[in-house]
Amino acid sequence: MTPALPPCFIDHITVTAPSLDAGASWVRKVLGVSPQAGGEHPRMGTHNLLLRLGYALFLEVIAPNPSAPPPTRPRWFGLDALDAAATPTLAAWVARTADIHASLAAASESLGAVEPMSRGALDWLITIPADGSLPLQGAAPALIEWQAEPHPAAGLADHSLALLRLDIFHPEPERVSRLLRSLALATPVSVQAAPPGGAPRLVAHIDTPQGPRVL
């Protein structure tokens, strides 16, 4: 009997920015809270900031690290395509699984290869396309399998923020829905058709002490 596929859950949402300062300013303007320092990703030449959205859920701001040597491969999350004037954007999301290889094999879309990654004392496996692009232009998640407990969000400062809903807009919504079913995604998301001629995009609805905000 084939073992049941482990469910996937939203692990974090990712804001890409040309610099951490630009990304932090954008998040602070929208949510009223500044993300805290994360760390560096030596293999990718990037660094990040983090903001807790729940016990096992967070927002990440990620940017090229000007102090790090350029990586020998394309950076992840499409960061090499950003120029210095780019506007920070909620560009990607990451789904957590207990068996990344099984989830990747079951996926109805190509999500990249499983790669080992680290940030300080943290280690994990994550799917990354070889060209560093965002699968389905960000509508499809990267898959992640953490190598330690507890979840990194548990150690972040709690500003009473919570992800209420993630909306995914795509010209082929059924294609996205099929992918999420194939991954056994257990966290509810809304998949909707993008307006005619519209590009894929993500919209996160976040509860804050000042009321709901939208990224």
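Computed from the coordinates by the stated procedures, all read-outs in this text should not be read as laboratory data. What you see is a predicted model, and the numbers here were worked out from it, not measured in a lab. All Cβ positions, glycine included, derive from the backbone under ideal geometry; neighbour counts span all protein chains shown.
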> Can you name every residue in the stretch 20-40 that is under 19 Å from ALA81 (Cα atoms), in contact with a strand residue (DSSP E or B) (Cβ under 6 Å, 6 or more places away or on another chain) and touching a residue at least 60 places away in the same chain (Cβ under 8 Å)?
Replying inline: GLY23
> Which condition number does LEU183 fail, the rest of (1) under 18 Å from ALA91 (Cβ atoms); (2) touching a strand residue (DSSP E or B) at 6+ places or on another chain (Cβ under 7 Å) being met?
Replying inline: (1)
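For every residue, the table says whether it meets (1) within 25 Å of GLN36 (Cα to Cα); (2) touching an Asp or Glu at 6+ places or on another chain (Cβ under 8 Å); (3) not β-branched (Val, Ile, Thr).
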| residue | (1), (2), (3) |
| --- | --- |
| ILE62 | yes, no, no |
| PRO70 | yes, no, yes |
| ALA107 | no, no, yes |
| ALA121 | yes, no, yes |
| ALA154 | yes, no, yes |
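Kindly evaluate ARG43 against the criterion of being in contact (Cβ under 8 Å) with a residue 60 or more places away in the chain, of a type in the set (Lys, Arg) and within 22 Å of VAL27 (Cβ to Cβ). Walk me through how you get there before you give the answer.
Working: in contact (Cβ under 8 Å) with a residue 60 or more places away in the chain: yes; of a type in the set (Lys, Arg): yes; within 22 Å of VAL27 (Cβ to Cβ): no.
It is false that ARG43 is in contact (Cβ under 8 Å) with a residue 60 or more places away in the chain, of a type in the set (Lys, Arg) and within 22 Å of VAL27 (Cβ to Cβ).
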